Amino acid sequence: MSSEQPDARYLAQIEGLSPGYAKVRLLHRVIGRHMDLKPLDTVVSLRLPKAGYDSVMMLYMSTKPAIIEVLDGRVVNAINPSDVEMRPVEKSHLQMEPTDPDIYATIYASAENAEQIRNLLMSINFHWTHEIAGMKHVIPVSDAIEKRSTHCAHCAELRLKRKVHCFRCDKLTDPMYPVTNEILGMVTLALKHLNSGGSFSVRENAGTLTIQCKGFEVRTNAVEINTIIEKAIAEGGKHGR
């Protein structure tokens with residue numbers, strides 16, 4: 001192991017080795033034993049001195065992500081993540097996506113916490129309904145959540161869709177219904193134990209979400225919503241409204 005103090009540490013996929021260089025895909029920033037949940041996806045070529053070659057080669061052959069230590073553009077060491085019990089900095093990280101045409105927010109989580117968060121969202125007593133030709137159609141929250149876990153072995157994403165598809169609607173009707181920010185409104189009301197009276201609307205302005213209910217409104221933002229999600233994960237309980 002190198003005695004030099006690295007400038008930075010990353011969880012990285014080692015994609016190739018050549019004399020004096022390593023081609024790596026940076027996946028997450030690492031500080032000590034903690035991993036930043038927000039993913040990176042950047043391929044870089046770094047110098048690889050002879051002193052660091054053996055540790056890099058061993059993890060390259062395993063085909064699994066490694067923690068690499070970088071100093072002045074050189075890989076000075078590579079570590080198996082399982083040897084340091086790497087943990088995420090946060091239990092979750094909620095990020096708004098104002099420019100994405102398909103999703104309005106992403107919840108980043110560790111691989112262990114992602115399914116717990118998804119189950120938490122689905123356990124809240126909430127769904128969408130509409131009526132077509134006298135028939136009531138019900139759309140569950142799960143249809144508006146897309147889980148992705150292909151980035152690396154340590155994280156997952158829960159993508160909240162701008163529109164939800166009603167599988168009972170036929171080609172003569174529009175099967176897509178706008179639901180932007182409504183899961184976040186539902187989460188805020190339910191986890192704060194506020195009664196919306198069965199309906200509410202959500203509008204966003206410069207990062208502030210305003211949830212309008214009958215007789216009152218609630219203002220919040222991504223940081224506060226993430227905090228109450230993390231608290232709910234820690235408590236491990238189910239919530240309803």
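The values are calculated or read from the model by the stated rules, or taken from the named source; none is laboratory data. Remember, predicted model here, so these are calculated numbers, not experimental data. Cβ coordinates were reconstructed from backbone atoms using ideal geometry, including for glycine residues, and neighbour counts include every protein chain displayed. These accessible areas exclude ligands, DNA and RNA; they are computed on the full protein's heavy atoms, side chains included. Shrake-Rupley method; radii C 1.70, N 1.55, O 1.52, S 1.80 Å.
Values as computed for the structure displayed
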| read-out | value |
| --- | --- |
| Length gained when the stretch Arg33-Val138 is fully extended (0.36 nm per residue, less Cα-Cα span) | 33.4 nm |
| The range 178-232 - percent of accessible surface contributed by carbon and sulfur, probe 1.4 Å | 49 |
| (i) 1, 6, 13, 14, 14, 12, 10, 9, 7, 6, 4, 3, 1, 0, 0; (ii) 1, 6, 13, 16, 17, 15, 12, 9, 6, 3, 1, 0, 0; (iii) 1, 6, 9, 10, 9, 8, 7, 7, 6, 6, 6, 6, 6, 5, 5, 2, 1, 0, with the label sought being that of the calculated P(r) over Cα pairs in 5 Å bins from 0, in percent | (i) |
| Size of electric dipole in the range 23-161: Cβ of Lys, Arg +1 and of Asp, Glu -1, about Cα centre, debye, nearest 20 | 320 |
| Under Karplus coefficients 6.51, -1.76 and 1.60, residue-wise ³J(HN,Hα) of the range 75-84 in Hz, glycine/proline x | 7, 9, 6, 9, 10, 6, x, 5, 7, 10 |
| Label zone at Arg148, where the point sits 7 Å out along the Cα-to-Cβ direction: the range 202-218 residues whose backbone N lies under 14 Å | none |
| Dipole-positive endmost among Gln5, Thr63, Ile103 within the chain (Cβ charges, Cα centre) | Ile103 |
| Probe 1.4 Å, protein heavy atoms only - accessible area per residue of the chain in square angstrom | 55 |
| Glu235-Tyr21 FRET efficiency (beta carbon distance; Förster radius 51 Å; 0.05 resolution) | 0.60 |
| Note, ³J(HN,Hα) from phi for the range 180-197, Karplus 6.51, -1.76, 1.60, rounded to Hz, x at Gly and Pro | 3, 6, 6, 5, 5, x, 4, 4, 4, 5, 5, 6, 9, 6, 9, 8, 7, x |
